[in-house]
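Beneath this line is the structure, given in structure tokens, with notes to follow.
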Amino acid sequence: MINSYEVFETNKMILEENLDVRTITMGISLLDCADSSLKTTCDNIYAKLTTLAKDLVKTGDDIGREFGVPVVNKRISITPAALVGARCCRKPSDFVRIAKTLDKAAKKVGVNFIGGFSAVVSKGMTKADELLIRSIPEAMAVTDRICSSVNVGSTKTGINMDAVRLMGEIIKATAERTKERDSIGCAKLVVLCNAPDDNPFMAGAFHGVSEADAIINVGVSGPGVVNHVLKTIRGADFETLCETIKKTAFKITRVGQLVAQEASARLGIPFGIIDLSLAPTPAIGDSVADILKEIGLEHPGAPGTTAALALLNDQVKKGGVMASSYVGGLSGAFIPVSEDQGMIDAVNAGALSIEKLEAMTCVCSVGLDMIAIPGDTSAASISGIIADESAIGMINQKTTAVRVIPVAGKKVGDTVEFGGLLGYAPVMAVSRFSCEGMIARKGRIPAPIHSFKN
Amino acid sequence: MKKAIITVVGKDVVGIIAKTSAYLAKNNINILDISQTVVQEYFNMMMIVDISSCRKNFEAFSSGLSDLGSEMGLKIRCQKSEIFEKMHRV
């Protein structure tokens, strides 16, 4: 029988420590919507999305009310749009029309984001992939709820440096095209290496071709809960520290598992995976940086940060896999700057640089995330950052990502306001030394050797 | 049986249990277990109830409880029991 201690503990997590289910993301395949006519393709897409996802928001809200745990976001991920539009899109503006259709469908069903305006070009780009990528600046400018991602490399294929070079230019163009809104288009655009097919979190969510027609993926959260429980064991040894994080991750994940199973049953769509990520928000107390501080760092960025993050990430996974049979997506600790008050404080205190963040991405679940950089950063430098992150992902067989915002007209020391879950960010310095010669080279970096590990 | 957990938290006043139980009886809800503590004038109560024969749908029933709580200056929450079972039991 449930006892009152457990009940009050759960409710304290929800009411005081920001425990929530961050997202129910319905993955929908749009492969069967493709047609040689652009209009028919768009009509098919709109019809399929608004039929399959019509009850998604209501179901998420109902579940939230009944179990008393907030289900913050209801979202959709789709088949990479470059595949869906390959037959009918002849120019970038054709892909913009698909983006507008997706945006309209998202607004109709009430989801706050739809991810999958994407291309997977780890080894090479098809004509359609390139058209989609070139349509991104305009697509991000004329839509509100679209998230875009481009996968430029993988451990199996190496890194497509032509795509890396192009993405540097596209990120710059997107920033310029949305400059009147602090270049917000770039906040919804991410470049990945080793992107998973079942990630429920934006901006990198898409519904990979290895997936079923429709699935329910759930992303949990709860950095505030982990932080709070660590306060109760201050100064304890590493065994106690790890054990405590593991147990907490277990509890958080079980809530996600329950919500995922309920959503799956009520919507009649199979359950895919739980993503075990600790995803911070700008809300006070809902911060991954605060956990690192509780482990014993003055600020993230201090020596020891990479070790503390590695430990945290690993324990979250160990606790989470016990709680759910199907774990997937990104699963780990996110370290975005703008969405985490503790990270913002660390940057403002001068403790955290892009270079240290890069080191941290070797052991976190994703990569350089939501980092505002000066608007005059060159496209080649952005490509260099993408290449570095992709190399970390490729060699270490993990997902890495770059979501940087070269904010038009802003320089180091300025602050950028994105609003809502995207938060605000201090503009961070990028190395002033050039990598243009390397980025100008054509071709790809070969896949790494899988032996002689050192 | 469909179980739900009702929690009441707030400053102790006369009639908390009486009013809550009356609301439950009116809605055909059976109380399976009840426990309470008062710490420094703060009232903490947990009830396990059977909602399978509830006269209202869950949303209406639980918002009625929450309104009753507001009248007494208390926070009353009603949640389906699975969230607690899942979180605390392997």
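No value in this document is a laboratory result; all are computed from the given coordinates. Only a predicted model underlies this, so the values are computations on that prediction, with no experimental measurement involved. Using ideal geometry, Cβ is built from the backbone for each residue, glycine included, and neighbour counts are taken over all protein chains shown.
Based on DSSP H runs of at least 4 residues, each adding -39500 (n - 2.57), what is the mean residue ellipticity at 222 nm of chain A after dividing by all its residues, to the nearest 500 deg cm²/dmol? Please list the in-between numbers first.
Values: 15 runs with 200 residues, N = 454.
Only helices count here, giving -14000 deg cm²/dmol.
The distance between label points at A:Thr40 and B:Ala18 comes to 7.4 nm (points 7 Å beyond Cα on the Cα→Cβ vector).
Using a simple charge model, +1 on the beta-carbon of Lys and Arg, -1 on the beta-carbon of Asp and Glu, nothing else, what dipole does the protein assembly as shown show about its Cα centre, in debye to the nearest 20? Each step should come with its number before you reach the end.
On the way: 60 positive and 58 negative charges, 249 e Å.
The dipole magnitude comes to about 1200 debye.
Identify, among A:Gln261, A:Val191, A:Ser277, the residue whose Cα sits farthest towards the positive end of the charge dipole of chain A, taking +1 on the Cβ of Lys and Arg and -1 on the Cβ of Asp and Glu, with the dipole about the Cα centre. Result: A:Val191, furthest along the dipole toward the positive end.
Once the Cβ-Cβ distance between B:Ala25 and A:Arg234 is put in as r, and R0 is 60 Å, what FRET efficiency do you end up with, to the nearest 0.05?
Numbers: r = 47 Å, r/R0 = 0.79.
According to the calculation, E is roughly 0.80.
Based on C-alpha pairs under 8 angstrom that are at least 6 apart in sequence, chain B has a relative contact order of 42 percent. Placing unit charges on the Cβ atoms only, positive for Lys and Arg and negative for Asp and Glu, gives the stretch A:203-252 a dipole magnitude near 320 debye about its Cα centre.
Under a model in which nothing but the beta-carbon of Lys, Arg (+1) and Asp, Glu (-1) is charged, chain B shows a dipole of about 240 debye around its Cα centre.
Where in the stretch A:2-38 does the amide nitrogen come within less than 16 Å of the point 7 Å from the Cα of A:Asn348, taken along Cα to Cβ? Zone members listed by number: none at all.
For the stretch B:35-90, the set of GluC sites (Glu not before Pro) satisfying both a DSSP loop assignment and a count of at most 16 other C-beta atoms within 10 Å is given as B:Glu41. Near A:Leu368, the amide H atoms lying under 5 Å from its own belong to A:Ala401, A:Arg403; only residues 5 or more places off or on other chains count, and H is placed 1.01 Å from N. Remark on B:Ile34: its backbone amide H falls under 5 Å from those of B:Ile48, a criterion applied only to residues 5 or more positions apart or on other chains, H modelled at 1.01 Å from N.
If you count Lys pairs in the stretch A:221-445 whose Cα atoms are under 19 Å apart, skipping same-chain pairs closer than 8 places in sequence, the total is 15.
The modelled label-to-label distance for the pair A:Glu243/A:Lys442, using points 7 Å beyond Cα in the direction of Cβ, is 6.1 nm. For the stretch A:24-193, the residue among A:Val57, A:Ala163, A:Phe67 whose Cα projects farthest onto the positive side of the dipole built from Cβ charges is A:Ala163.
The phi-based Karplus calculation (6.51 cos²θ - 1.76 cosθ + 1.60; θ = phi - 60°) puts the 3J(HN,Hα) values of the stretch A:433-444 at 8, 8, 10, 4, x, 6, 5, 5, 5, 8, x, 9 Hz, whole numbers, x for Gly and Pro. With K and R counted +1 and D and E -1, the other residues having a Cβ less than 15 Å from that of A:Asp314 yield a net charge of +3. When the C-alpha to C-alpha distance is required to be over 26 Å, the pairs from A:Lys54/A:Lys127; A:Lys104/A:Lys188; A:Lys58/B:Lys19 that qualify are A:Lys54/A:Lys127; A:Lys58/B:Lys19.
Farthest toward the positive end of the dipole of chain A, out of A:Thr178, A:Thr40, A:Ser210, is the Cα of A:Thr40, where the dipole comes from beta carbon charges about the Cα centre. Between the stretch A:1-74 and the stretch B:1-49, what's the alpha-carbon centroid distance in Å? Rounded to whole Å, the Cα centres lie 31 Å apart.
Just to be sure I follow the definition: excluding the sites themselves, where is the longest run in chain A that has none of the chymotrypsin sites (Phe, Trp or Tyr not before Pro) in a DSSP loop with at most 12 other Cβ atoms within 10 Å? It works out to A:1-432.
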